[in-house]
Amino acid sequence: MGQDVLYITGGIFIFSWIFQVVYYLYITASFNRHKATTGNNKPPVSVIICAKNEEENLRKYLPDVLEQDYPEFQVVVVNDCSADDTELVLAGLKKKYNNLYYTSIPIDKKFFHGKKLALTLGIKAAKYDNLVLTDADCRPASNKWLQHMAGSLSDEKDIVLGYGRYGKKRNLTNLLVRYETFWNAVQYFGFALTVKPFMGVGRNLAYKKHIFQNSSQFKNNLTLASGDDDLLILEIANKKNTAICYTPGSHTISTPADSFKEWALRKSRHLTTSVRYPLFIKALLFFEFLSRQILWLFTFCSIFFSIFAQITAVLFSLHLVIKLLVLYKAGKKLNEKKLYWTLLIFDWLIPVLMLILWINNILRPGKIKWK
């Protein structure tokens, strides 16, 4: 009986090791093999921004969007039930920038809506068929941002997945936020190239208006707190109609969470969408998380069982070296050169945190809202 348990335990460890290695060498490392290209076309573009109580961020970051080095574009801002001076800030900026258009959704205490309603109104107000989306708390990494993102749209490519990184601060929460964002990007870029695009980030995303018009996700899920990016990508995107854009000038830089609690709230909103992923995508993501934890747990436990210690240590070290090399190369491509080493801290920790947030969402349904 005891020998059977050892065989089963060893089989689980080996299967987890193989899954992790294949996942990183095939799906994740595919991003490292991709060669960045940006088209030369510069179609007219509408930039869509939804803002809820964002007066300070709009004052700081919106001029960087409005002053992009791009021949023809407008910026559409939807003021979504703001209780601060967002309206006054937009009115002031409108006097200076002719390419700014804004509209407001009045506060209605009887009707709750998610971000999708604001985004829907913004897209319907857009003058052009080519759309680039970002958030009010984001600034473009360069004045060529629109050239990179819109230039990646073409007759064949209707969707462009971009990278939205977070600004740096000297604390552990910021390191967690930046690593998790970096890892997610490497993962969804890899899926877009190998399996199927399954998500993008609304902080930096481009698509043609017909993509929105052909999607049922917006009109069917207006009350969801999140998912304006993921659900649309899942429904419409495929490897043929989707491009990835990650050159440093194409990034957006977002205001990072000020506290762990704020980050946890943001991730909780995202988890309300991830449960709607197709079974195949959920299975791959789940087994990646599970196999990762199994390797860490079994390696730790092998310390107390010398019969397995050496082979476990060798296999675990090899898989860790593969991960570090993959993320090191990805970090160079995404201008996140020093983040790869934090895998040693967060590789095992993030799945634990996600599990806690997922359980919290189950225990507190309906408490996560678009703020």
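The values are calculated or read from the model by the stated rules, or taken from the named source; none is laboratory data. Everything quoted here is computed from the prediction, not taken from an experiment. Cβ: placed from backbone, ideal geometry, glycine included. Neighbour counts: every protein chain shown.
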**Prompt:** Does Asn53 count as in a loop (DSSP other than H, G, I, E, B), surrounded by 15 or more Cβ atoms within 10 Å (Cβ to Cβ) and either of a type in the set (A, V, I, L, M, F, W, C) or in contact (Cβ under 8 Å) with a residue 40 or more places away in the chain (or both)?
**Reply:** yes
**Request:** With the condition kept exactly as written, say whether any residue in region 83-98 is closer than 17 Å to Trp145 by Cβ and modelled with pLDDT of 95 or more.
**Result:** yes
**Within region 152-163, tally of residues that are surrounded by fewer than 22 Cβ atoms within 10 Å (Cβ to Cβ) and in contact (Cβ under 8 Å) with a residue 24 or more places away in the chain** = 3
**Lone qualifier among Ala264, Ala257, Ala330, Ala313 - being surrounded by 13 or more Cβ atoms within 10 Å (Cβ to Cβ), over 19 Å from the mean Cα position of the chain (by Cα) and of a type in the set (A, V, I, L, M)** = Ala313
**Message:** Residues that are basic (Lys, Arg) and either within 15 Å of the chain's Cα centre (by Cα) or under 16 Å from Tyr24 (Cα atoms) (or both): does region 288-300 have at least one?
**Reply:** yes
**Message:** Please determine whether any residue of region 167-182 is within 16 Å of the chain's Cα centre (by Cα) and without any contact (Cβ under 8 Å) to a residue 40 or more places away in the chain.
**Reply:** yes
**Request:** Test Val45 against the criterion of being within 27 Å of the chain's Cα centre (by Cα), closer than 24 Å to Ser254 by Cα, surrounded by 15 or more Cβ atoms within 10 Å (Cβ to Cβ) and aliphatic (A, V, I, L, M), and give yes or no.
**Result:** yes
**Fill in**
Per the list (1) surrounded by fewer than 24 Cβ atoms within 10 Å (Cβ to Cβ); (2) closer than 27 Å to Thr342 by Cα; (3) touching a Ser or Thr at 6+ places or on another chain (Cβ under 7 Å), residue check on Leu176 breaks on (3)
**Prompt:** How many residues are assigned to a helix (DSSP H, G or I) and within 14 Å of Leu205 (Cβ to Cβ) when one looks only at region 159-193?
**Reply:** 5
**Message:** Could you go through region 217-237 and let me know if any residue there is modelled with pLDDT of 90 or more, closer than 20 Å to Phe280 by Cα and of a type outside the set (Val, Ile, Thr).
**Reply:** yes
**Prompt:** How do the pairs read when you match residues in region 271-297 that are within 13 Å of Gln20 (Cβ to Cβ) and modelled with pLDDT under 85 with residues anywhere that are of a type in the set (S, T, N, Q) and not in a helix (DSSP H, G or I), using Cβ under 6 Å and keeping only pairs 6 or more apart or on different chains?
**Reply:** none
**Asked** Here are Val89, Val76: which of them is among the hydrophobic types (A, V, I, L, M, F, W, C), surrounded by 14 or more Cβ atoms within 10 Å (Cβ to Cβ) and touching a residue at least 40 places away in the same chain (Cβ under 8 Å)?
**Response** Val76
